[in-house]
1. Of all the residues that make up the stretch 383-437, how many are surrounded by 24 or more Cβ atoms within 10 Å (Cβ to Cβ) and charged (D, E, K, R)?
2. Wholly within the stretch 72-173, which strands (runs of 3 or more DSSP E) include no fewer than the required count, namely at least 2 residues that are of a type in the set (Gly, Ala, Ser) and closer than 25 Å to Val295 by Cβ?
3. Check Ile165 against each of (1) farther than 17 Å from Ala228 by Cα; (2) open to solvent by 10 Å² or more (accessible area, probe 1.4 Å) and name the one condition it does not meet.
4. Right, Ile518: β-branched (Val, Ile, Thr), closer than 29 Å to Asn442 by Cα and not in a helix (DSSP H, G or I) or not?
5. Tell me which residues, restricted to the stretch 76-97, are open to solvent by less than 10 Å² (accessible area, probe 1.4 Å) and closer than 19 Å to Thr108 by Cα.
6. For the condition at negative phi, without any contact (Cβ under 8 Å) to a residue 40 or more places away in the chain and either surrounded by 21 or more Cβ atoms within 10 Å (Cβ to Cβ) or more than 27 Å from the chain's Cα centre (by Cα) (or both), what is the one hit in Lys230, Lys214?
7. Yes or no: Trp274 open to solvent by 10 Å² or more (accessible area, probe 1.4 Å) and either touching a Cys at 6+ places or on another chain (Cβ under 9 Å) or without any contact (Cβ under 8 Å) to a residue 24 or more places away in the chain (or both)?
Amino acid sequence: RHTSTSGIMAFRAATVACTVSAAVACSNLLLSPGATVDESSIISYNADSVELYGSLYHYPASKNKKGSMRDVYNWDEGTFMGQIPEAEETYNVIGNMNEYALTIGETTAGGLEDLQGTQSKAIIDYGSLIYITLQRSKTAREAIKTIGDLMDNYGYASEGESFSIADPNEVWVMEIMGKGEYELGAVWVARKIPDGYVSGHANQMRITTFPLDKPDDTLYSKDVITFARKIGAFDGADEDFSFSDVYDPVTFEGARFCEGRVWSFFGSIMGQEWADQYADYAMGFNLTNRMPLWVQPPTKISALDVMEHMRNHFEGSSLAFTEDVGAGAFESPYRWRPLTWDLNDKTYVNERAIGTQQTGWNFVAQMRRSLPRELGGLLWFGVDDSATTVRFPIFGSATSPPSAFAGAGTQDGVTPPMFDFNMDSAHNVFNLVANWAYTRWNIMYPELKAKIMAKEQQYWADVQAVTADALQIYNSKGPEAAVEYTTEFSSKVGNALVKEWGALFGQMFSKYRDGYTITPNPESTACGCTTENPGYGDKTYQRIVDETGDQYLDMDYAVKAEQATGKPKTRSKLALKALR
C-alpha cells in the first residue's frame, strides 16, 4: 500500500505496538439508516473495563457566562488535566447521546508506541473529547469538527482511538492518532458509512486508504499524511497512504483479539461463505486478507437484532470456544483474564468476544429521523456484560436518569462507589445475576437469556406506544411536556427493572444452588420442591476417565455378583440422602 524503506522499517520496529494487553476494551457496531428496519441510524457500544462502574451519566443543558472555565479530567484515571473555556451554551446529554440524538462511542486501538498518551502538554483525553463534544455539537459532522478543534487547541493525551459518531441522518467512523511529544494535537481521518451499509470496530484501526477529494463522505486532518512523513513512518504517494497501516499496523493480536469481533458480526449477517473468506484473517494467520471497512447486509436489521449481536461469543464460528477444556464442564464462553498466558516458553491466547465479563456499561443507540429531535433519540442502556444485561429505553432528551442507574464518572473527577454494595444499584444487581450465571453457564444462561429477550421485546412494544403518546403531547402541549412524559417513563422503567432483576437473582440463587436444580413442588411435604442433580455431562466424564483411568471407578459393582449368588442384598450408599 505504500513504499517501505529501511528507515521506515527501523522506525516501525522501534515504535509499532498494538498494546493489545491494555487496549482490548470496547466493541462498536455501526448501522446506516438504509441498513435498518425503520431507517434509524444505530450504533452500539460496550465500555469494557473492570474498573468502570455501571452508571448512566447526565449533563443538563446550560447557559454559561462568557469566559467561564470547565475542569477536564482523564476518563481512565480520574486525574485532573486542566481547564478549558466553557461553551456559552451546552446541550442536554444522557449517557453518550444528546438532545439532538447525536451519539458517540469508541474503542481504543493503541497504535504506534511513540505516539500514545505521551503528550505532556495535552489537557484533553478521549473521554473528555466524547462528553465535551456531545455538549457542544448537534450533528455528526459538527462533532467531527469539534473533536478536531479541541485536539488542535488543547492536545490529545490518549492512545489511538476509533470513534463511532452518528446522528439521525449519518453514521461516521473517525480514527485518531496522537502526535506524542512531536507536536500538540492529533492526526485523524473520518469516513461516512454509505447508506445501506454497516461497519464495526473493536480496538484495531480499520480505515486504510481513503479519497482525498470527497468531503461529502471523507474528512481528515490537514497533516494526516505530512506528519507521517515527518516522523519517518511513510514515504509513498499520497493516494497510497493507509491510515491503519501507518499508524496502527495490524498484527496477529490485532486480528485475533480485535478484528475477530468485527468478523463475527459481519459473518453473522453476511453468511458462512463470507465468513469463510476472511476466517484466516480473523484468526491472525493471513494479515494481508483484510476485511472491507463496511458491508451491505442482505436484509434489514432492527435495534433488537443489534442487541443480539452484542451478545456474541463467536457461536457457530471457527473461533467458538465453548468446547475446549477452558470452557469447563458448563461450556462457558468466558475466560478469566489475563488474555494471554505463558507455558513452556510459549505465549497462548484466550479468545476475546463481544460479550465479555468486564463490561462496565453498554448501549444500543437508535436515532430516529422521522420524529422531532426531542423524541428521535433513544438510548437502550444496560450495565455489565452485554450478554447478560437488559437494555432499557431512555430518550436522549431525558432530563434525569433513573436513580438506580444514575452516577457521575471519573471524567467528572468522581471516584465511583465500587465497594458500596446495595441492591438499589443497577451495577450491583446485574453483576450478581451475571456472575451467578457464569458458574453453570449452559444450564442457567438459556433461562436467563429468555428472560432478557422477553424484557427487551416488552420494552420495544412499550416504546412504540409511549412514542405515539409523546408525539400527541408534543403537538398539543409542546416539547417540554413531551420530554417530561418520556423522562418519567424511562425513570419508572429503569428503576422497576433493577428491582425485578434483584428478585430474579434471588429466584436463580434458590433454584441453582449447590450444584442442583431445585424447582417448586407444592406436593412435596419434605421441602416443597423437586431436586435434580444434572451433573457434568458425558464429555466431562469422558475427559476425567481419560485423564485418571480407574481412579474413580466404583468397585461396588460386586453387588450385582452378590445378587446373582443369592446372598443378601446390600443397600447402595448412593441411596442415602446425605450422599445425594
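1. Within the stretch 383-437, residues that are surrounded by 24 or more Cβ atoms within 10 Å (Cβ to Cβ) and charged (D, E, K, R) number 3.
2. Values: elements: 80-85, 103-112, 160-166.
Hits in the stretch 72-173: 103-112, 160-166.
3. In the conditions (1) farther than 17 Å from Ala228 by Cα; (2) open to solvent by 10 Å² or more (accessible area, probe 1.4 Å), Ile165 misses (2) alone.
4. On the way: β-branched (Val, Ile, Thr): yes; closer than 29 Å to Asn442 by Cα: yes; not in a helix (DSSP H, G or I): yes.
Here the answer is yes, as Ile518 does meet what is asked.
5. Gly95, Asn96
6. Working: Lys230 fails: without any contact (Cβ under 8 Å) to a residue 40 or more places away in the chain.
Every option except Lys214 fails the conditions.
7. On the way: open to solvent by 10 Å² or more (accessible area, probe 1.4 Å): yes; either touching a Cys at 6+ places or on another chain (Cβ under 9 Å) or without any contact (Cβ under 8 Å) to a residue 24 or more places away in the chain (or both): yes.
Against the criterion (open to solvent by 10 Å² or more (accessible area, probe 1.4 Å) and either touching a Cys at 6+ places or on another chain (Cβ under 9 Å) or without any contact (Cβ under 8 Å) to a residue 24 or more places away in the chain (or both)), Trp274 qualifies.
Conditions tested, residue by residue: (1) of a type in the set (Val, Ile, Thr); (2) within 18 Å of Gly54 (Cβ to Cβ).
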{"site": "Met97", "(1), (2)": "no, yes"}
{"site": "Tyr100", "(1), (2)": "no, no"}
{"site": "Ile104", "(1), (2)": "yes, no"}
{"site": "Gly110", "(1), (2)": "no, no"}
{"site": "Asp114", "(1), (2)": "no, no"}
{"site": "Ile124", "(1), (2)": "yes, no"}
{"site": "Gly127", "(1), (2)": "no, yes"}
{"site": "Tyr131", "(1), (2)": "no, yes"}
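The values are calculated or read from the model by the stated rules, or taken from the named source; none is laboratory data. Quantities reported herein were computed from a predicted structural model and do not represent experimental measurements. Cβ atoms come from the backbone with ideal geometry, glycine included; neighbour counts cover every protein chain shown. To get the accessible areas, we keep the full protein, side chains included, count just its heavy atoms, and leave off ligands, DNA and RNA. Shrake-Rupley method; radii C 1.70, N 1.55, O 1.52, S 1.80 Å.
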